[in-house]
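Here the structure comes first, spelled out in structure tokens, and everything after it is commentary.
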Amino acid sequence: MEQTEVRQSERAATTIPAWVSTPSGEKIDAQIRDISASGAMLLVTQPVGEAAQTLRVGFDLTFAQIARSLELAAIIRNVNQVQGQNSPRIA
């Protein structure tokens, strides 16, 4: 039996420095590795939670010479260990 993954939106590869704020208030360095209208994949330096948990993802954004820090609510959909790295990947 084969499983086919169906995405709601096309993902764009990127490398955006970010952070994750856990429910306990801890701020963990992260990197947004791909992003779409319905989600993102993050590479984090340590575990931040399990599937279905809520956390906040933040990043700095500059548009038309206006710099802002954004912090958005997020739900962990899955957690994967990256081959050859100690950093978990969350989506």
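If you add up the charges near Thr14, with Lys and Arg at +1 and Asp and Glu at -1, over every other residue whose beta carbon is less than 10 angstrom from its beta carbon, what do you get? Please list the in-between numbers first.
Values: positive: Arg11, Arg33; negative: Asp34.
In short, +1.
Local charge for Glu71 was computed over the other residues whose Cβ lies under 11 Å away, with Lys and Arg +1 and Asp and Glu -1, and equals +2. Mean silhouette area of region 12-90, derived from the convex hull of its C-alpha atoms and averaged over all directions, reads 5.5 nm².
Rule-based calculations on the coordinates, nothing more; no lab input. Note that the structure is predicted; figures quoted are calculated from it, not measured. Neighbour counts run over all protein chains shown; Cβ positions are idealised from the backbone, glycine included.
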